Amino acid sequence: MLTKLRGHHLICLNFFRGEGYSEDFIKNIYSVISKENVEIVAGPDDVCARCPYLKDNKCSNNDYTDEKILHQDREALRLLRLKPGEIIDWRMISAKLPGIMDKWKAQFCQDCGYLKVCFTG
Ligand code: SF4
């Protein structure tokens, strides 16, 4: 079973705790993370597909811009040493996290609304 994910979701979904923008969005994430393998994509992915903020194939979240999200994706893939088109499994992604999380948190987590969900409790 395969799901398509963009760069920053490869990192952020490891910290998913059942929170999200809508019931449908959350239900879809449970389905996404149940898939064993991940194909990396460069833009909107299987999570964005059920997100209320996806408009005209771009992220329209009030807290971000599409350009900022794309920058996060590129930076996530740079840190993980992965690229669009590759197919990997969750264990390979998780194994890379300890080596990159300090850099990722310093760049992106402090201003993120999910900070407390990911790193407390
Ligand atoms: S907020 Fe933006 S990047 Fe996040 S799932 Fe929704 S459309 Fe995708």
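The values are calculated or read from the model by the stated rules, or taken from the named source; none is laboratory data. Everything numeric in this text was worked out from a predicted model, so none of it was measured. Note: ideal-geometry Cβ built from the backbone for every residue, glycine included; neighbour counts use all protein chains shown.
If the condition is being in contact with a Leu (Cβ under 8 Å, 6 or more places away or on another chain), hydrophobic (A, V, I, L, M, F, W, C) and either at positive phi or not in a helix (DSSP H, G or I) (or both), then the range 43-81 contributes only 47.
Matching residues to (1) more than 9 Å from the ligand (Cβ to nearest atom); (2) among the hydrophobic types (A, V, I, L, M, F, W, C); (3) free of Cβ contacts under 8 Å to residues at least 60 places away in the same chain; (4) in contact with a Cys (Cβ under 8 Å, 6 or more places away or on another chain):
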{"site": "1", "(1), (2), (3), (4)": "yes, yes, yes, no"}
{"site": "23", "(1), (2), (3), (4)": "yes, no, yes, no"}
{"site": "26", "(1), (2), (3), (4)": "yes, yes, yes, no"}
{"site": "30", "(1), (2), (3), (4)": "yes, no, yes, no"}
{"site": "36", "(1), (2), (3), (4)": "yes, no, yes, no"}
{"site": "52", "(1), (2), (3), (4)": "no, no, yes, no"}
{"site": "73", "(1), (2), (3), (4)": "no, no, no, no"}
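Filter the range 12-56 down to the residues that are of a type outside the set (S, T, N, Q), touching a Lys or Arg at 6+ places or on another chain (Cβ under 6 Å) and over 22 Å from residue 68 (Cβ atoms) and list them by number. Matches in the range 12-56: 24, 39. Only one of the numbered conditions (1) surrounded by fewer than 14 Cβ atoms within 10 Å (Cβ to Cβ); (2) closer than 22 Å to residue 110 by Cα is not met by residue 1, and that is (2).
Scan the range 71-120 for residues that are at pLDDT 95 or above, within 14 Å of residue 13 (Cβ to Cβ) and among the basic types (Lys, Arg) and the total you get is 1.
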